[in-house]
């Protein structure tokens with residue numbers, strides 16, 4: 001992944017996670033995430049949800065079809081500044097263990113709100129990035145709007 005693309009993604013505060021059910025029905029949700037190396041971690045946090053974490057549609061979709069895509073974008077009224085990065089890959093849920101703990105530490109470093117949440121007993125989505133597509137202005141030197 002090119003350095004500017006990596007910086008653009010790593011600096012984003014929110015992305016959109018796209019999953020699909022076994023029969024291909026799409027589902028997209030905004031997520032907080034962290035990029036490290038070729039991996040993306042997404043916490044299933046304590047923000048209010050209508051169902052327990054294991055019943056979330058994104059979780060059920062990943063269990064049925066691990067192919068996912070993460071979209072990080074920037075919109076600006078000056079359309080010469082538009083840009084996006086799509087990360088595609090394979091997702092799985094992690095529960096417990098060293099990698100889970102390390103992922104939570106990275107997420108808490110990026111999002112202070114997570115420092116107050118009891119996340120140790122909650123799954124983390126792990127995405128192995130297998131493909132990167134980008135377009136437009138992905139220079140991370142300016143503040144992003146997503």
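The values are calculated or read from the model by the stated rules, or taken from the named source; none is laboratory data. Keep in mind it's a predicted model, so treat the numbers as computed, not measured. Counting neighbours? That spans all protein chains shown, and the Cβs are built from the backbone with ideal geometry, glycine included.
Observations on the model:
- Looking at 93, 35, just one residue is under 10 Å from the mean Cα position of the chain (by Cα) and outside any helix (DSSP H, G or I), and that residue is 35.
- Residue match in region 60-71 (condition: more than 10 Å from the chain's Cα centre (by Cα), touching a residue at least 40 places away in the same chain (Cβ under 8 Å), outside any strand (DSSP E or B) and under 19 Å from residue 122 (Cβ atoms)): yes
Okay, residues lined up against (1) surrounded by fewer than 18 Cβ atoms within 10 Å (Cβ to Cβ); (2) farther than 23 Å from residue 20 by Cβ; (3) over 13 Å from the mean Cα position of the chain (by Cα):
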| position | (1), (2), (3) |
| --- | --- |
| 80 | yes, yes, yes |
| 103 | no, yes, no |
| 107 | no, yes, no |
| 115 | yes, yes, yes |
| 130 | yes, no, yes |
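- Failed criterion for residue 72 (all others in (1) at pLDDT 90 or above; (2) in contact with a helix residue (DSSP H, G or I) (Cβ under 8 Å, 6 or more places away or on another chain); (3) loosely packed, with under 14 Cβ neighbours inside 10 Å; (4) closer than 15 Å to residue 12 by Cβ hold): (3)
- Of note, residue 103 satisfies the criterion of being over 18 Å from residue 5 (Cα atoms) and part of a helix (DSSP H, G or I).
- Sole residue being part of a loop (DSSP other than H, G, I, E, B), farther than 19 Å from residue 131 by Cα and touching a helix residue (DSSP H, G or I) at 6+ places or on another chain (Cβ under 6 Å), chosen from 22, 118: 22
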